[in-house]
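Step one of this worksheet: look at the structure below.
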Amino acid sequence: MPQRTLLSGNEAIARGAWEAGVRFGSGYPGTPSSEILPALTELGDAYTEWSVNEKCALEAAAGASLTGARCIVTMKHVGLNVAADPFFTLCYTGVNGGVVIVCADDPEMHSSQNEQDNRNYARAAKAPVLEPSDSQEARDYTALSFRLSEQFDVPFILRTTTRIAHSDTPVILGERDVPERDCEAVRDRQKYVMIPAYARKRRRAMHERTLALKAFAEETELNRTEPGDGKTGIIASGVAYQYAKEAAPGASFLKLGMTWPLPEAMIRRFAESVEKLYVIEELDPIITEQVLAMGLAVEPLPQTLQFGELSPTRVAAALQGEDPELSGDSLPPRPPTLCAGCPHRGVFVTLRKLKAYVTGDIGCYTLGTLPPLQALDTCLCMGGGVGQTHGILSACGKKDKEVAVIGDSTFVHSGITGLINIAYNGSPAVVCILDNGTTAMTGGQDHPGTGVTLSGRPGRRLDLPGICRAAGIPNVEVIDPRDLKQTEETLKAAMASDEPWVIIARCPCVLISRDRKPPYQVDQEACIRCGACLRIGCPAIAAEPTDDPRKPRPVIDRSMCVGCGLCAQVCPQDAIHVAEADGAED
Amino acid sequence: MVTNVLLCGVGGQGIITASKILSEAALMSGYAVKKSEVHGMSQRGGNVESHVRFSADSPVHAPTIPTGEACMLLAFETLEALRALPQTSPEALVLVDERRIVPMSVNTGLAQYPDDAMQRLEAGGRHVHVVPAFAIATDLGEYRAANVVMLGAASRHLGITSEVWQEAIKHSVRPRAVDSSLKAFEAGLAALAGA
């Protein structure tokens with residue numbers, strides 16, 4: 001047996017790209033896609049970068065492709081919304097070096113704000129889509145898609161989902177093979193300058209290309225039939241194929257590796273060969289509707305199957321026409337929380353105290369909406385909170401409670417334009433940049449605000465206060481969010497002001513700095529069980545039951561406490577202190 | 001015959017590393033293997049689950065375990081063991097660290113931590129054994145190795161040789177954690193000697 005290596009789907013994609021001689025990799029971190037570029041960087045040989053956002057990443061790849069370089073661009077599903085502008089027109093111009101756009105969908109929204117199915121982009125942009133169903137296919141399809149991108153002169157979408165990206169399965173590796181290229185930007189204005197006269201010609205060329213891709217879909221080994229009992233026929237792709245194989249091992253299968261455009265003749269032949277035809281797909285019924293449009297009979301499935309992640313169990317039920325609701329248990333839920341010592345906590349404790357109306361954003365700090373903090377009122381998209389607070393103020397005037405919060409990486413990604421809009425149109429907005437010096441939620445990637453690049457080369461560090469002032473914000477203050485007094489005074493001044501403010505709450509993420517000070521403990525004699533420390537939502541403080549159910553006893557877990565001291569600052573009795581080095585457990 | 005092992009607990013307990021060691025060990029043993037977990041937001045102190053599936057003689061299709069088919073549950077926290085229990089088969093072996101990490105929903109008074117968690121775990125007729133992995137690891141001076149203690153306890157039921165376990169540990173943990181991890185594994189193995 002050849003040597004097998006256990007790789008996640010993301011590592012396998014990086015490997016496939018490396019083997020195909022990729023020379024340029026760009027992207028923005030987003031679960032479940034974040035591990036691809038670091039893995040590619042580790043393999044070496046290619047230029048890689050974390051770009052400011054997905055649009056920058058794709059535009060840079062479009063440029064690199066002009067030189068003949070093979071390019072990979074990685075993002076989560078919603079990242080393609082940000083990159084949609086260059087994406088749609090890149091499908092008009094086509095490519096020189098192959099371009100593969102990896103977008104990782106997140107069925108079940110494990111770590112996302114929506115559950116969009118990015119296969120919908122394929123038809124809209126006329127871009128072909130490959131869907132691997134394990135890590136071996138992730139490696140194989142990635143490597144193949146660069147060649148196909150060049151053959152058909154179009155960027156390819158490699159669509160993964162959480163259970164492909166973050167599942168480890170064995171992979172047989174190959175060698176790196178770099179195609180010979182001139183390494184000079186090709187000049188072909190009728191192809192690369194999309195003024196209307198040239199774009200109209202390209203629109204027709206796209207149609208010819210789609211016809212060629214349809215013919216290719218009929219013959220490629222990416223799509224294959226697997227004979228079975230002939231009674232139940234299942235069309236499936238991606239991880240849904242694996243679930244269906246588990247649920248109905250004896251069925252006949254049409255396994256689609258390429259899900260746009262579809263192999264119509266192949267599908268018709270398959271439909272004729274089986275008694276009942278099912279299409280098993282996660283999220284939107286995209287293949288289903290196209291098969292129905294071919295005039296073929298497809299067994300109806302419960303519409304609820306379009307929500308959330310599939311599983312072997314759900315697919316087995318679906319083949320019986322059912323999608324039973326999971327009976328929820330009565331156990332206490334354990335939602336994610338801000339970490340012990342998280343610097344965001346000080347800001348949210350203060351915003352709650354000041355009864356602020358907080359427009360939020362995408363990042364760890366979105367967790368500030370959950371009990372007990374409950375100090376974040378909206379979360380729309382990257383940079384959305386900055387725009388929302390401006391809209392609230394512009395529509396209804398200032399009520400001295402509106403605050404936008406946004407992380408440092410998110411601010412650079414999509415908050416800067418919103419801030420310029422605030423300054424230009426003159427709303428007295430308060431924008432609080434939660435600057436923890438990293439892209440925390442996705443695992444701690446660097447960004448322009450840290451000044452460290454993906455490859456480790458020093459980059460130029462973005463001056464956050466400087467860019468806010470340059471945008472036209474007259475009041476820019478940097479505070480330490482672990483100092484509750486300073487945080488409250490600054491927020492109060494900003495919220496009462498009739499000018500725009502930016503408050504930069506600067507303190508490193510505890511997961512990055514690993515800054516552990518001696519843990520705190522509660523002096524149980526002095527504690528009056530008022531619950532103030534429990535209301536800061538620190539996971540290191542547990543509420544232990546007492547005789548009075550309304551007055552639990554707060555106990556600090558020393559293995560979790562990092563010694564930030566926020567609980568001591570909110571204690572009205574001064575009953576929380578740094579623990580004695582060898583003191584008794586409290 | 002596919003062996004389905006479910007690992008569960010709270011973000012930060014080393015569950016993802018434990019499942020990496022287990023899946024590497026299965027691969028080194030020549031088995032078909034798949035492992036699946038979720039990263040990102042759920043890791044921030046939320047409940048974490050990792051699925052490891054392997055087989056010597058049949059393909060493994062889905063990366064996640066069909067409901068009710070986990071034959072082994074490695075639980076690093078009592079409430080999370082209870083939450084994961086419906087995913088296990090009626091004959092499953094359940095190894096649980098009787099540790100109590102209070103979730104925010106209990107701290108805020110919205111829910112109560114079940115006092116009878118252990119009784120409810122045992123009520124289903126599954127083979128339940130307590131493995132004080134965190135306490136054992138703390139005694140060894142490295143509480144972060146509780147995940148490997150648990151693997152040691154599980155190891156005699158998984159048909160993987162001790163040489164392979166050692167290789168898998170060396171392959172999967174940081175170089176400076178290898179020695180403490182190997183010790184933790186042995187301690188876990190000894191802890192469940194009678195079961």
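Where helices (runs of 4 or more DSSP H) fall entirely within the range A:184-265, those with at least 1 residues that are of a type in the set (A, V, I, L, M, F, W, C) are at A:196-219, A:238-247. When A:E11 is tested against the conditions (1) among the acidic types (D, E); (2) touching an Asp or Glu at 6+ places or on another chain (Cβ under 7 Å); (3) without any contact (Cβ under 8 Å) to a residue 40 or more places away in the chain, the lone failure is (3).
Okay, residues lined up against (1) crowded, with 23+ Cβ neighbours inside 10 Å; (2) hydroxyl-bearing (S, T, Y); (3) more than 14 Å from every other protein chain (Cβ to nearest Cβ):
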| position | (1), (2), (3) |
| --- | --- |
| A:N223 | no, no, yes |
| A:K231 | no, no, yes |
| A:I235 | yes, no, yes |
| A:A247 | yes, no, no |
| A:P261 | no, no, yes |
| A:A265 | no, no, yes |
| A:F270 | no, no, yes |
| A:S273 | no, yes, yes |
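Residue pairs whose Cβ atoms lie under 8 Å apart, separated by 6 or more positions or on different chains, with the first residue in the range A:242-264 and in contact (Cβ under 8 Å) with a residue 24 or more places away in the chain and of a type in the set (V, I, T) and the second assigned to a strand (DSSP E or B) and buried (at least 23 other Cβ atoms within 10 Å of the Cβ), are A:T259/A:V129; A:T259/A:L130; A:T259/A:R159; A:T259/A:S237. Is at least one residue of the range A:41-51 in contact with a strand residue (DSSP E or B) (Cβ under 9 Å, 6 or more places away or on another chain), within 21 Å of A:T453 (Cα to Cα) and acidic (D, E)? There is at least one residue in the range A:41-51 that is in contact with a strand residue (DSSP E or B) (Cβ under 9 Å, 6 or more places away or on another chain), within 21 Å of A:T453 (Cα to Cα) and acidic (D, E). No other residue among A:A165, A:A199 is closer than 26 Å to A:M109 by Cβ, among the hydrophobic types (A, V, I, L, M, F, W, C) and at pLDDT 95 or above apart from A:A165. Go through the range A:473-493 and count every residue that is farther than 21 Å from A:L566 by Cβ and of a type outside the set (S, T, N, Q). Total meeting the criteria: 4.
Condition check: within 14 Å of chain B (Cβ to nearest Cβ), β-branched (V, I, T) and surrounded by fewer than 24 Cβ atoms within 10 Å (Cβ to Cβ). Does A:T369 satisfy that? When the stated conditions are applied, A:T369 passes them. Contact list please: Cβ distance under 8 Å, first residue in the range A:374-402 and outside the structural domain of A:V502 (by TED's automatic domain parsing), second residue not in a helix (DSSP H, G or I), pairs at least six apart or on different chains. Final answer for the pair search is none. Surrounded by fewer than 22 Cβ atoms within 10 Å (Cβ to Cβ), in contact (Cβ under 8 Å) with a residue 24 or more places away in the chain and either at the interface with chain A (Cβ under 9 Å from one of its Cβ atoms) or in contact with a Leu (Cβ under 9 Å, 6 or more places away or on another chain) (or both): does that describe B:A81? Considered against the rule, which asks whether it is surrounded by fewer than 22 Cβ atoms within 10 Å (Cβ to Cβ), in contact (Cβ under 8 Å) with a residue 24 or more places away in the chain and either at the interface with chain A (Cβ under 9 Å from one of its Cβ atoms) or in contact with a Leu (Cβ under 9 Å, 6 or more places away or on another chain) (or both), B:A81 comes out as no.
Here is a check on your reading of the model: is A:V291 within 13 Å of chain B (Cβ to nearest Cβ), of a type in the set (V, I, T) and outside any strand (DSSP E or B)? Spelling it out, it is not the case that A:V291 is within 13 Å of chain B (Cβ to nearest Cβ), of a type in the set (V, I, T) and outside any strand (DSSP E or B). Screening the range A:302-318 for residues that are part of a loop (DSSP other than H, G, I, E, B) and either at positive phi or crowded, with 19+ Cβ neighbours inside 10 Å (or both) and picking the one that is farthest from the other protein chains (Cβ to nearest Cβ) gives A:G308. Cβ-Cβ distances below 8 Å connect the following pairs, each with a first residue in the range A:440-468 that is within 14 Å of another protein chain (Cβ to nearest Cβ) and closer than 24 Å to A:T366 by Cβ, a second residue that is hydrophobic (A, V, I, L, M, F, W, C) and crowded, with 21+ Cβ neighbours inside 10 Å, and a separation of six or more residues or different chains: A:A440/A:C364; A:A440/A:C509; A:M441/A:I362; A:M441/A:C364; A:M441/B:M41; A:G444/A:C509; A:Q445/A:W50; A:Q445/A:L454.
Evaluate the following for A:H110: is it modelled with pLDDT under 95 and within 26 Å of A:Q306 (Cα to Cα)?
yes
Here B:F76 passes the criteria (1) more than 10 Å from chain A (Cβ to nearest Cβ); (2) surrounded by fewer than 18 Cβ atoms within 10 Å (Cβ to Cβ); (3) not basic (K, R) except the one numbered (2). One residue stands out in the range A:326-356 among those that are away from chain B (no Cβ under 13 Å) and not in a helix (DSSP H, G or I): the one that is nearest to B:V102 (Cα to Cα), namely A:P343. Being touching a residue at least 24 places away in the same chain (Cβ under 8 Å), surrounded by fewer than 22 Cβ atoms within 10 Å (Cβ to Cβ), more than 12 Å from every other protein chain (Cβ to nearest Cβ) and out of contact with any His (no Cβ under 6 Å at 6 or more places or on another chain) is true of A:D284. Of the set (1) surrounded by 21 or more Cβ atoms within 10 Å (Cβ to Cβ); (2) more than 14 Å from chain B (Cβ to nearest Cβ), all apply to A:G321 but (1).
Would you point out the residue of the range B:121-149, among those that are of a type in the set (D, E, K, R) and not in a loop (DSSP other than H, G, I, E, B), that is nearest to A:G537 (Cα to Cα)?
B:R144
Scanning the range B:12-39 for residues that are touching a Pro at 6+ places or on another chain (Cβ under 7 Å) and more than 7 Å from every other protein chain (Cβ to nearest Cβ) returns a single hit, B:A32. Looking across the range A:31-64, just one residue is in contact (Cβ under 8 Å) with a residue 60 or more places away in the chain and at positive phi, and that is A:D45. Within the range A:347-363, residues that are of a type in the set (G, A, S) reach partners that are surrounded by fewer than 24 Cβ atoms within 10 Å (Cβ to Cβ) and part of a strand (DSSP E or B) with beta carbons closer than 7 Å, at six or more positions or on different chains, in the pairs A:G360/A:T378.
Out of all the residues in the range A:165-213, which are among the polar types (S, T, N, Q) and within 14 Å of chain B (Cβ to nearest Cβ)? Residues satisfying the conditions are A:S167, A:T169.
Can you tell me which residue among A:D85, A:D117 is in the same structural domain as A:S51 (by TED's automatic domain parsing), under 30 Å from B:R44 (Cβ atoms) and either surrounded by fewer than 24 Cβ atoms within 10 Å (Cβ to Cβ) or not polar (S, T, N, Q) (or both)? Of A:D85, A:D117, the one residue that is in the same structural domain as A:S51 (by TED's automatic domain parsing), under 30 Å from B:R44 (Cβ atoms) and either surrounded by fewer than 24 Cβ atoms within 10 Å (Cβ to Cβ) or not polar (S, T, N, Q) (or both) is A:D117.
In the set A:A532, A:A540, only one residue is more than 19 Å from A:K485 (Cβ to Cβ) and within 13 Å of chain B (Cβ to nearest Cβ); that residue is A:A540.
Evaluate the following for B:F54: is it more than 10 Å from chain A (Cβ to nearest Cβ), buried (at least 23 other Cβ atoms within 10 Å of the Cβ) and farther than 25 Å from A:A340 by Cα? Yes: the conditions hold for B:F54.
So how many residues does the range B:84-111 have that are within 7 Å of chain A (Cβ to nearest Cβ) and not aliphatic (A, V, I, L, M)?
Of the residues in that region, 4 qualify.
Just checking, does the range A:418-425 include any residue being under 11 Å from A:G383 (Cα atoms), assigned by TED's automatic domain parsing to the domain that holds A:T369 and assigned to a helix (DSSP H, G or I)? Taking every residue of the range A:418-425 in turn, at least one turns out to be under 11 Å from A:G383 (Cα atoms), assigned by TED's automatic domain parsing to the domain that holds A:T369 and assigned to a helix (DSSP H, G or I).
The values are calculated or read from the model by the stated rules, or taken from the named source; none is laboratory data. None of the values given here were measured: they were computed from a predicted structure. For neighbour counting, all protein chains shown are included, and Cβ atoms are generated from backbone atoms with ideal geometry for every residue, glycine included.
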